[in-house]
Amino acid sequence: MHATQAVPAPTGLAGTLLTGLSHAATVLAAIGMVGMSLAEGWQVFARYVLNDSPGWTEPLTLLFMTTTALMGAAVAVRREMHFRFIALAQVAPPRVQALLNAFARLVVLAIGAALAIWGWDLMADNWSITMPGTALPEGLNYLPLSLGGALIALFAAERLVVPLPTPDHMVVED
Amino acid sequence: MDIAILFGAFAILLLLGVPVGFSLAAASVAAIVAMGLPPMVLVQQMTSGISSTAMIAIPLFIFAGELMMRGGISERLIGLASALVGHLRGGLGQVNVLASAFFGGVSGSAIADASAIGGTMIPQMVARGFDRDYAVNVTITSALVALMVPPSHNMILYSAAGGGGISIADLFAAGILPAVVMAAALMVTAYLIARKRGYAVEPFPGLAAVVRRFISASPGLLLVVLVFGGVRAGIFTAVESAAIAVVYAVIITVAVYRRLGWKDFKECCAGSAHTTGIILFMIGAASAFGWLMSYLQVPAAAVAALKAMAGTKVMVLLIMNVILLALSTFMDMGPKIIICTPIFLPVAKAFGIDPVQFGVIMMLNGGIGLITPPIGSVLFVGSAIGKVPVGQLMRSIWPFYLAAGVVLMLVSYIPFLSLWLPNAMK
């Protein structure tokens, strides 16, 4: 499921910025993965060894998990790794194929933008409430969705301008 | 009308090539707007779908599987399988099936299984004169076994989609016997094809080699015992067992096998984060879609329709299997489980089918979907590793489909296969 080819990017500042953002999203997703393992690992240790289950591990693990999920999903948009039905695109003439791919990227862009905006609104609405078990604001739970949505929209827009020549999921048909 | 918008938009977007998760999300938005609901519902339902306690086990098991895969466990499991069955007709084909069954117990994921075992076995098989299509077909069909052995994260997803009332420990136990039957069916199929194609036979390496390789592979195999035994005995939850699996995988691959360096670890983190992103995004979008289905009372309508169509348990199982198989061919496992469980589980219960047995049925037909075009993720992984076009694979895969289909029918109509072990362990 990993990228099998170099990911093309626009040239100049935009390209550097998008590549940097993609790396940052991967690092954040990886930190979320490790954080999730550590928090849940501590939960097991505290429960069985210290005989004292901490209340903060579960909300924190969930926050790490949403971060990993949305950052990972955004990078997967840039690499076009999300599963999709390609039969129609494969049999269509090249021009129609390009149109179908552009349409798919537009839908991804729209959903990303919607998640970014509505996620932000929900985060603002819930910011004053405290997350149970922690001193963190409840609204923080929606931050990964909003941030991930924005990245999804950005990377989908990038793919509209600089399409992947052969998406990962189509490599097998070469 | 709203139901037509929800399902119609999903089908059209999917056909036009929009990724599955985004098709689900966009169809949900279309229905939400048509119904006059606040659009925030999408974000709320997606967040609650992703951010649920039961889901924590999924990324952790993916991470543990990735660590084990890169940390040298797959080669040792292949070594053990090779010593046990490598001397049978179609030697490496048999090894492939058995190694998949072993590795399935470590990863619980069909894709990880196909990548880990296929990555090593397919080139070896090709180098020893096996045809590429045979090597890939054996690899991808035997990856189905991983869906049924603990720690299958799709079973955890099924338990959550079923409302959380279905015991994960029972589901883990229920899959073991069908997994054994599936592995046996695939080995027989691999044997028959190997005989027909005249593939070579390897010599038996001797009992000492079997023991040596068993000792070498045992730290990996112990993970299965740890996860399954711990959850079954009620010592820890599925989520806790997943965290233990990650810690155990790090210790084994770093300290015992000494194969996992810092660079590999970073790649494991990034790789499993990307996989988690793809899977959990689909699960989140499917949760919003599933919520809308419940809001529109689709499950109740499905129960009524299926009750009217099929008068008997035999018929309803057949109809459900046909529908689920059809859906599985263009929907990935996660969304299918989230969307279909609330629809079909009440039907299964209404006809006296045990939810645990139904879970195994869901795993099996979902697994067959993973190796069937147009959206067969395991099929694509195998095709990419083996460098064989999907079309060529399809021409020679049918005996394996037949074997998997027979096992699906056995599991559907013989409840003993999936219910004996969980009942015996109570």
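Would you please name the residue that is farthest from the chain's Cα centre (by Cα), looking only at residues in region B:205-246 that are within 10 Å of another protein chain (Cβ to nearest Cβ) and of a type in the set (Val, Ile, Thr)?
Restricting to residues being within 10 Å of another protein chain (Cβ to nearest Cβ) and of a type in the set (Val, Ile, Thr), the top hit is B:Ile235.
Would it be correct to say that B:Arg89 is of a type in the set (Lys, Arg), part of a helix (DSSP H, G or I) and away from chain A (no Cβ under 14 Å)?
No.
Taking B:Ala57 as meeting all but one of (1) within 25 Å of A:Ala87 (Cβ to Cβ); (2) in contact (Cβ under 8 Å) with a residue 60 or more places away in the chain; (3) more than 7 Å from chain A (Cβ to nearest Cβ); (4) not hydroxyl-bearing (Ser, Thr, Tyr), write down the number of the exception.
The one condition B:Ala57 does not meet is (1).
Which ones in region B:200-226 are among the aliphatic types (A, V, I, L, M) and open to solvent by less than 30 Å² (accessible area, probe 1.4 Å)?
B:Ala209, B:Val210, B:Ala217, B:Leu223
Regarding region A:144-153, can at least one residue be identified that is at pLDDT 90 or above and hydroxyl-bearing (Ser, Thr, Tyr)? Full working, then the answer.
Within region A:144-153, the first condition is being at pLDDT 90 or above, and the residues that meet it are A:144-153.
Keeping just the survivors that are hydroxyl-bearing (Ser, Thr, Tyr) gives A:146.
Looking for residues that are at pLDDT 90 or above and hydroxyl-bearing (Ser, Thr, Tyr), one finds at least one in region A:144-153, hence yes.
What is the residue count in region A:27-85 for residues that are at positive phi and under 17 Å from the mean Cα position of the chain (by Cα)?
Qualifying residue count, region A:27-85: 1.
What are the residues in region A:61-81 that are modelled with pLDDT under 90 and of a type in the set (A, V, I, L, M, F, W, C), if any?
Within region A:61-81, just A:Met81 meets the criteria.
Output the residue which, of all residues in region B:1-28 that are touching a residue at least 40 places away in the same chain (Cβ under 8 Å) and open to solvent by 30 Å² or more (accessible area, probe 1.4 Å), is nearest to the chain's Cα centre (by Cα).
Here the residue is B:Ile3.
Which ones in region A:121-135 are surrounded by 15 or more Cβ atoms within 10 Å (Cβ to Cβ) and more than 9 Å from chain B (Cβ to nearest Cβ)?
If the condition is that a residue be surrounded by 15 or more Cβ atoms within 10 Å (Cβ to Cβ) and more than 9 Å from chain B (Cβ to nearest Cβ), then A:Met123, A:Asn126, A:Met131, A:Thr134 are the ones that fit.
Given the conditions (1) in contact (Cβ under 8 Å) with a residue 40 or more places away in the chain; (2) facing chain A (nearest Cβ under 10 Å); (3) surrounded by fewer than 23 Cβ atoms within 10 Å (Cβ to Cβ), and given that B:Pro38 satisfies all but one, which numbered condition is not satisfied?
Here B:Pro38 meets the rest and fails (1).
Which ones in region B:227-246 are touching a helix residue (DSSP H, G or I) at 6+ places or on another chain (Cβ under 9 Å), free of Cβ contacts under 8 Å to residues at least 24 places away in the same chain and surrounded by fewer than 18 Cβ atoms within 10 Å (Cβ to Cβ)?
B:Ala233, B:Ile235
Can you name the helices (runs of 4 or more DSSP H) wholly within region A:12-112 that have at least 2 residues being crowded, with 20+ Cβ neighbours inside 10 Å?
Passing ranges, in order: A:12-48, A:57-78.
Residues that are open to solvent by 10 Å² or more (accessible area, probe 1.4 Å) and closer than 20 Å to B:Val239 by Cβ: find the helices (runs of 4 or more DSSP H) completely inside region B:114-199 holding 2 or more of those.
B:153-161, B:168-197
Which members of region B:372-412 meet the condition of being more than 21 Å from the chain's Cα centre (by Cα) and touching a residue at least 60 places away in the same chain (Cβ under 8 Å)?
Listed by number, the residues that qualify are B:Lys387, B:Val388, B:Gln392, B:Arg395, B:Ser396.
Can you pull out every residue in region A:14-56 that is acidic (Asp, Glu) and closer than 22 Å to B:Ala57 by Cβ?
Scanning region A:14-56 gives a single hit, A:Glu40.
Open to solvent by less than 40 Å² (accessible area, probe 1.4 Å), within 11 Å of chain A (Cβ to nearest Cβ), of a type in the set (A, V, I, L, M, F, W, C) and assigned to a helix (DSSP H, G or I), is that true of B:Ala31? Quick ask: steps written out before the conclusion?
On the way: open to solvent by less than 40 Å² (accessible area, probe 1.4 Å): yes; within 11 Å of chain A (Cβ to nearest Cβ): no; of a type in the set (A, V, I, L, M, F, W, C): yes; assigned to a helix (DSSP H, G or I): yes.
Against the criterion (open to solvent by less than 40 Å² (accessible area, probe 1.4 Å), within 11 Å of chain A (Cβ to nearest Cβ), of a type in the set (A, V, I, L, M, F, W, C) and assigned to a helix (DSSP H, G or I)), B:Ala31 does not qualify.
Would you point out which residue out of B:Leu421, B:Leu402, B:Leu364, B:Leu327 is open to solvent by 10 Å² or more (accessible area, probe 1.4 Å) and closer than 21 Å to B:Asn137 by Cβ?
Answer to the selection: B:Leu402.
The values are calculated or read from the model by the stated rules, or taken from the named source; none is laboratory data. Just so it is clear, the model here is predicted, and its values are computed rather than measured. Note that each Cβ is placed from the backbone with ideal geometry, even for glycine, and that neighbours are counted across all protein chains shown. Quick note on the areas: whole protein, heavy atoms, side chains included, nothing else; ligands and nucleic acids left out. Shrake-Rupley method; radii C 1.70, N 1.55, O 1.52, S 1.80 Å.
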